[in-house]
Amino acid sequence: MTASVTAARPPSDITKRSLPASLIIHALLIAASLLMLYPLLWMVSASVRPETEIFSSTSLIPSSIDFSSYARGWVGLDVSFGRFFWNSLVISVLVVTGNVIACSLTAFAFARLRFAGRNFWFAIMLGTLMIPYHVTLIPQYVLFLDLGWVNTILPLVVPKFLASDAFFIFLMVQFFRGIPRELDEAAMMDGCSAWRIYWKIMLPLSLPVLATAAIFSFIWTWDDFFGPLIYLNDMNTYTIQLGLRTFVDSTSASDWGGLFAMSTLTLVPVFFFFLFFQRLLIEGIATTGMKR
């Protein structure tokens, strides 16, 4: 009995010794989190401050709360900010749909089908990851200009339906390779075609990686500024990022209150989209490339 009591003491002693270290680590993590969240919290606070107090204080607590910036920012431009929201939502949904469908089909071909030059084309696809976007910008712009697509959402959407994002293809290939091939072989013995294996077996088992691709596609498209800046010229086709830029004018007064108010609103869809798919996102990242 004495031996068992003695053997039971070390874990308790270890716990007591590690408690101060754990408290210090958690305190440092909380402090770092608050430091990173401060700009976001300050932006939210600035959106409800009076215009004259926005840049006069670094405090997160405004002296008075004024929601007029939200109303002014929503309808203060020549085009309602709701129009920008709708344009961004349409483009983001189409991009997510295109990436999920096209990239999953391409990844299924690389991971499961056997065809001539498969390894060569897979290497070429990976090589495109190392090509900077700005290298292909001018040729793409000339192509879309000749097609008459400039000042439309087509240059931002159509390439996504052609599996142009090699990162998502690689991510899905690694995930598909972790699914046992015995499932494919059993389905083929039952008479399933490659398309049916993809639709009935691979996609239902690949929800985590599909959700990961959908989340990143939505966030990157929602936050994209450069692409819409190049291809969209009419204010009625602006996305929210271009709409936010219109609040700042170097030749006249800038509406900083409206800018911070609309910037706060633009974070809401991304926050809820991430919150809804958070579990699948973590699962997809954690299991990609692992044998199961």
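The values are calculated or read from the model by the stated rules, or taken from the named source; none is laboratory data. Being a predicted model, the structure only gives us computed values, none of them experimental. Neighbour counts run over all protein chains shown; Cβ positions are idealised from the backbone, glycine included. Note: areas computed on protein heavy atoms with side chains; ligands, DNA, RNA excluded. Shrake-Rupley method; radii C 1.70, N 1.55, O 1.52, S 1.80 Å.
Some points to look at:
- Among the residues here, F161 does not qualify as at pLDDT below 90 and open to solvent by 50 Å² or more (accessible area, probe 1.4 Å).
- Cβ pairs under 8 Å, 6+ apart, first in the range 137-162 and part of a helix (DSSP H, G or I), second surrounded by 17 or more Cβ atoms within 10 Å (Cβ to Cβ) and β-branched (V, I, T): L156/I91; L156/V95; L156/T221; V157/I91; V157/V95; K160/V95
- Matching helices (runs of 4 or more DSSP H) fully within the range 181-262 where at least 2 residues are touching a Phe, Trp or Tyr at 6+ places or on another chain (Cβ under 6 Å) and open to solvent by less than 60 Å² (accessible area, probe 1.4 Å): 207-222, 240-245
- For the residues F108, F120, the requirement of being surrounded by fewer than 18 Cβ atoms within 10 Å (Cβ to Cβ) and either among the aromatic types (F, W, Y) or free of Cβ contacts under 8 Å to residues at least 12 places away in the same chain (or both) singles out F120.
- Enumeration of residues in the range 71-84 that are surrounded by fewer than 19 Cβ atoms within 10 Å (Cβ to Cβ) and either in contact with a helix residue (DSSP H, G or I) (Cβ under 6 Å, 6 or more places away or on another chain) or among the hydroxyl-bearing types (S, T, Y) (or both): R72, W74, G76, V79, S80
- Filter result for the condition that a residue is out of contact with any Pro (no Cβ under 6 Å at 6 or more places or on another chain), loosely packed, with under 11 Cβ neighbours inside 10 Å and of a type in the set (A, V, I, L, M), over M125, M130: M130
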